[in-house]
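S.K.: Sharing a structure, written as structure tokens. Questions coming.
The values are calculated or read from the model by the stated rules, or taken from the named source; none is laboratory data. Quick caveat, the model's predicted, so the values are computed rather than measured. Please note: Cβ atoms are built from the backbone with ideal geometry, for glycine as well, and neighbour counts cover all protein chains shown. Side chains included, ligands, DNA and RNA excluded: accessible areas come from the protein's heavy atoms. Shrake-Rupley method; radii C 1.70, N 1.55, O 1.52, S 1.80 Å.
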Amino acid sequence: MNNPNDPEITSWLPVGPDSDFPIQNIPFGIVKTKNGGPRVASRIGNFAIDLLRVSELGFFSDFDIPKKVFDNLYLNDFISLGQETTRNIRARISELFSEQSKKWNSREMSAHIAIPIDEVEVLLPVRVGDYTDFYSSIEHATNVGSLFRDPENALLPNWRHLPVGYHGRASSIVVSGTDIIRPAGQTMPAGADKPQYSPTKLLDFELEIGFVVGKENGLGHPVPVSQAEDYIFGLCLFNDWSARDIQKWEYVPLGPFLGKNFASTVSPWIVTLDALATFRVEGPVQEPEVLPYLKTNGKHNFDIHLEVEIETLNGHVQSVCQSNFKYMYWNMAQQIAHHTVNGCNLRVGDMGASGTISGPKPGSFGSMLEISWRGTKPVDMPDGSQRKFINDGDSVVLKGFAKSGDLRIGFGEARGKILPALTNNLS
Ligand code: MN
């Protein structure tokens, strides 16, 4: 087997220099073809790689995988094959599409296995059983603590001792391109003496990275932090849409509920940690020292550039945030170790999300709450309008890629357009 990360490999499929999907990436997802059902796929350049067809043509025959694993609405069965097998498949795809490897007659089959990306429908990649959102950026937690509570005590006493999280809602996780209806709910407007019901006035995004769980620990069995990354199949972009006015009124004392659970948008291609190996970096120094079950050494953060754009209905685009996944205070291994330290069982396809990824400077804040500093610093849009939060008709687009020399490993985008609230009379 070759090393699929080798930067010298080129594909016989065309790949542009700024593509997020060179042959070194080989992410996994689910696509639906024009004349066929949903199936497991990968992506190289602007081609979906139909892994059901690749499998039917016998290119995976030595792995002895049942056809139904690829003939599938979700990646869960594929992920459940285990890291050794999915690693072998990634390496085999690299060989099949490499210009340098002459081992296979895959090029003659290109019309059957490589489909232009605009000829397929890209679907939600995993059936998400459970979803947990963390709160692991110290810059974000400090900003939000200042805005919602008290700048003098922005971080609560537990924050530096454990990766704070809450259980989110899996059913409303949707794939990039899905429209989002503006949620309505109960809020307590400033100065009012009783709550009101209305569409949210403070609709926000949260720039996050999600991880997909690739292995089960079993109820009662904590995952040691040193092994925790083995439980991650891969990463995606994650927009944790948030209604700040609903959130502010409801969140005491049990945390986020309807302000968050109406929708989360994910990018469709799950990028493996293997593909991101080149981009590992050390995280920030953790002070005070964390308990032994959370202690990590070495490179457990990832240098991934992140950007958020707001696109208006008439096509004007404004970049509002440039951040980086490397800023995270708590890394994913620590999040998994903490999540399971009480014996909680993770299952294949579960998702965890990082929490809003804000950097140290204003241009790197990962939510409109912080960017507009709660509406006091509106953002100028190219058409002359301003944004404090997200308007109806706006699309929010998350992008992310890692880059070193000529090698670029990216995620594509997580896009969602806001539709007006439904005006049904609910009483
Ligand atoms: Mn969040």
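S.K.: Test of understanding: what is the full-extension gain from residue 167 to residue 73, defined as 0.36 nm times their sequence separation minus their Cα-Cα distance?
M.R.: Taking 0.36 nm per residue and subtracting the Cα distance, the gain is 31.4 nm.
S.K.: Just read off the accessible area of residue 338 with the full protein assembly in place, 1.4 Å probe, to the nearest 10 Å².
M.R.: Here the residue's solvent-accessible area equals roughly 40 Å².
S.K.: If you don't mind, there's one more thing I want to ask. With an 8 Å Cα cut-off and a minimum separation of 6 or more residues, compute the relative contact order for segment 321-427 in percent.
M.R.: Once normalised by length, the contact order is 18 percent.
S.K.: A follow-up question, please. Just the Cα atoms of segment 7-79: what Rg and Dmax do they give in Å?
M.R.: Cα only, segment 7-79: 12.9, 36 Å (Rg, Dmax).
S.K.: Now for a separate question. Probe of 1.4 angstrom, ligands and nucleic acids ignored: what's the accessible area per residue over segment 263-369, in square angstrom?
M.R.: Each residue of segment 263-369 exposes 36 Å² on average to a 1.4 Å probe.
S.K.: Moving on. Would you mind listing how long the chain runs along its three principal axes, going by Cα atoms, in whole Å with the largest first?
M.R.: Result, largest extent first: 72, 52, 44 Å.
S.K.: Continuing with this model, one more query. Stokes-Einstein diffusion coefficient for segment 1-159 at 37 °C in a medium of 0.692 mPa s, Rh from the Kirkwood formula over Cα pairs: what value in µm²/s?
M.R.: 185 µm²/s
S.K.: Whole-Å semi-axes of segment 207-339's equivalent ellipsoid, largest first, each the root of 5 times a Cα gyration tensor eigenvalue?
M.R.: They are 28, 21, 16 Å, listed largest first.
S.K.: Place +1 on the Cβ of every Lys and Arg and -1 on the Cβ of every Asp and Glu in segment 324-394, take the dipole about the Cα centre, and give the residue among 352, 342, 362 whose Cα lies farthest towards its positive end.
M.R.: Value computed over the given set: 342.
S.K.: In addition: So what's Rg/Rh here for segment 132-267, counting alpha carbon atoms and using the Kirkwood radius for Rh?
M.R.: Over the Cα atoms of segment 132-267, Rg/Rh equals 1.00.
S.K.: Roughly speaking, to the nearest percent, how much of the chain's 1.4 Å accessible area is carbon and sulfur?
M.R.: 51 percent
S.K.: Next question. Would you kindly find the accessible area of residue 150, with a 1.4 Å probe and non-protein molecules such as ligands, DNA and RNA excluded, rounding to the nearest 10 Å²?
M.R.: My reading of the accessible area for residue 150 is about 50 Å².
S.K.: Students often get this wrong: which residues of segment 379-422 have the backbone nitrogen under 17 Å from the point 7 angstrom along Cα-to-C-beta of residue 192?
M.R.: What the label zone holds, given the 17 Å backbone N cut-off, is 421-422.
S.K.: Using the crude model of +1 on Lys and Arg Cβ and -1 on Asp and Glu Cβ, and no other charge, please compute the dipole size for segment 213-293 relative to its Cα centre, in debye to 20.
M.R.: Roughly 300 debye, rounded to the nearest 20.
S.K.: Also, I was wondering about something else. Let me know the charge dipole size of the chain about its Cα centre in debye, to the nearest 20, where only the beta-carbon of Lys, Arg (+1) and Asp, Glu (-1) is charged.
M.R.: The calculated dipole for the chain is roughly 420 debye.
S.K.: Once both labels are modelled 7 Å past Cα along the beta-carbon direction, what's the residue 84-residue 111 spacing in nm?
M.R.: For residue 84 paired with residue 111, the spin-label model returns 4.0 nm.
S.K.: Taking the alpha-carbon distance from residue 403 and a cut-off under 29 Å, which lysines remain once sequence neighbours fewer than 8 residues away in the same chain are dropped?
M.R.: 102, 215, 295, 299, 326, 361, 417
S.K.: Taking a cut-off of 19 Å, what percent of all Cα-Cα pairs in segment 272-427 are separated by more than that?
M.R.: 65 percent
S.K.: Set Lys and Arg Cβ to +1 and Asp and Glu Cβ to -1, take the dipole of the chain about its Cα centre, and tell me which of 409, 166, 109 lies farthest positive.
M.R.: Among 409, 166, 109, the one farthest towards the positive end of the dipole of the chain is 166.
S.K.: For the charge dipole of the chain, defined by +1 on Lys and Arg C-beta atoms and -1 on Asp and Glu C-beta atoms about the Cα centroid, which residue among 246, 143, 88 has the Cα displaced farthest towards the positive pole?
M.R.: Farthest towards the positive pole: 246.
S.K.: If you fit an axis through the alpha-carbon atoms of helix 83-97 and take the longest principal axis of the Cα set of the chain, what angle between them do you get, 0 to 90°, nearest 10?
M.R.: That helix lies at roughly 60 degrees to the long axis.
S.K.: Could I ask something else about it? Can you give the net charge of the other residues whose Cβ lies under 13 Å from the Cβ of residue 312, counting K and R as +1 and D and E as -1?
M.R.: -4
S.K.: Okay, next question. Can you tell me the length gained on complete extension of the stretch residue 149 to residue 316, counting 0.36 nm per residue apart and subtracting the Cα distance?
M.R.: Computed gain between residue 149 and residue 316 is 56.6 nm.
S.K.: Moving on to the next point. So what J values fall out for segment 228-233 if you push phi through Karplus, 6.51 cos²θ - 1.76 cosθ + 1.60 with θ = phi - 60°, rounded to Hz, Gly and Pro as x?
M.R.: With the stated coefficients, segment 228-233 comes to 5, 5, 5, 8, 9, 6 Hz.
S.K.: Further question: According to the Kirkwood expression over distinct Cα-Cα pairs, how big is the hydrodynamic radius of segment 105-191, in Å?
M.R.: Averaging 1/r across every pair of different Cα atoms and inverting gives 18.1 Å.
S.K.: Next question, about the same structure. Using amide H atoms built 1.01 Å from N in the peptide plane, name the residues 5+ places from residue 184, or on other chains, whose amide H lies under 5 Å from its own.
M.R.: Residues meeting the amide H criterion: 200.
S.K.: Relative contact order for the chain: what percent, with Cα pairs under 8 Å and sequence separation of 6 or more?
M.R.: Normalised by residue count, the contact order of the chain is 20 percent.
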